[in-house]
Amino acid sequence: MRRMDGSMRTDHLPFPMPERPHVLVQQWRHLSFLHWEVDPVRLAPYIPEGLELDLFEEKAYICTIPFLMTGVRPRQAVSVPGISRFPEFNIRTYVREGGKAGVFFITLDAQSRVTCAYAPRAYGVPYRYTKGRVDVDGDTYSWRSKRVNGGQELVGSCIGAGEAMQAEPGSLEEFLFERYCLYTSHKDKLCIAHTHHDPWVFREGEAEVMSNTLTESYDLGISDVLKPDIIHISDGVLVHMWSVEEVGE
């Protein structure tokens, strides 16, 4: 949990955050985590040179995540209505470099022209503009997106089941959730951006996916993009994000 002074825990971090100040503050809210096991051979072409696919018990995973970005702002600024809150629909996988585990985004679809213009230039992440929404009704999160160029979409809902929990050490959930950096190919260099937040609190979930041409549009060999292998739901976390830096600096 956050402390009274607004700081976040550090005892759970697998590596220290950079000594320089973070540059962005944001909240990742009302997330549905839809995981599929995939063939590492099919996934490898999407991974930049210098990164290694991270496997759990020799299995590779991708995750499609519909959620809301809220309170997005530079560290010393305030949130701006119409800019700081928007739905996002990501596909990520799990990688490592030099022993440091992180995530790599195959795509980030967002209903934010500002983010879609800024983030690729500043971070090298592949944002694409989409029209979408995420609605919250108690324990149920409903979502729909449609990419403006191409029409790829994600439509469905997810409901939480069971008690809230945190990942146990060595578990699959720890592998999937507890990651505190992202990797990207930026200006022809392998780069890293650190992300700091408290440990994830999540629940198991049940999903009804009605359309998922978003995930299907990537050649990952998934037999049924409407039926995730693993489903979780989370209210979310507050995040501090650092600027991108070249790996090895």
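The values are calculated or read from the model by the stated rules, or taken from the named source; none is laboratory data. The shown structure was predicted, so the numbers you read here are calculated from the model rather than taken from an experiment. Heads up, the Cβs are rebuilt from the backbone with ideal geometry, glycines too, and the neighbour counts pull from every protein chain shown.
Data overview
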| item | result |
| --- | --- |
| Set 71, 82: member being small (Gly, Ala, Ser) and either buried (at least 17 other Cβ atoms within 10 Å of the Cβ) or touching a residue at least 12 places away in the same chain (Cβ under 8 Å) (or both) | 71 |
| Residue match in the stretch 30-38 (condition: more than 14 Å from the chain's Cα centre (by Cα), within 30 Å of residue 112 (Cα to Cα) and not acidic (Asp, Glu)) | yes |
| Sole exception among (1) touching a helix residue (DSSP H, G or I) at 6+ places or on another chain (Cβ under 8 Å); (2) assigned to a strand (DSSP E or B) for residue 87, by number | (1) |
| When residues of the stretch 108-153 are limited to those that are free of Cβ contacts under 8 Å to residues at least 40 places away in the same chain, over 15 Å from the mean Cα position of the chain (by Cα) and assigned to a helix (DSSP H, G or I), the one nearest to residue 90 (Cα to Cα) | 116 |
| Tally of residues being surrounded by fewer than 19 Cβ atoms within 10 Å (Cβ to Cβ) and either modelled with pLDDT of 95 or more or acidic (Asp, Glu) (or both) across the stretch 107-125 | 0 |
| Hits in the stretch 207-244 - residues which are of a type in the set (A, V, I, L, M, F, W, C), surrounded by fewer than 18 Cβ atoms within 10 Å (Cβ to Cβ) and in contact with a Cys (Cβ under 9 Å, 6 or more places away or on another chain) | 230 |
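Conditions tested, residue by residue: (1) closer than 23 Å to residue 143 by Cβ; (2) of a type in the set (Gly, Ala, Ser); (3) in contact (Cβ under 8 Å) with a residue 40 or more places away in the chain.
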site	(1), (2), (3)
7	no, yes, no
15	no, no, yes
22	no, no, yes
27	yes, no, yes
35	yes, no, yes
51	no, no, yes
54	no, no, yes
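One line per residue, one yes/no per condition, for (1) in contact with a helix residue (DSSP H, G or I) (Cβ under 9 Å, 6 or more places away or on another chain); (2) under 19 Å from residue 237 (Cβ atoms); (3) not polar (S, T, N, Q):
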residue	(1), (2), (3)
127	yes, no, yes
130	yes, no, no
141	no, yes, yes
151	yes, no, yes
165	yes, yes, yes
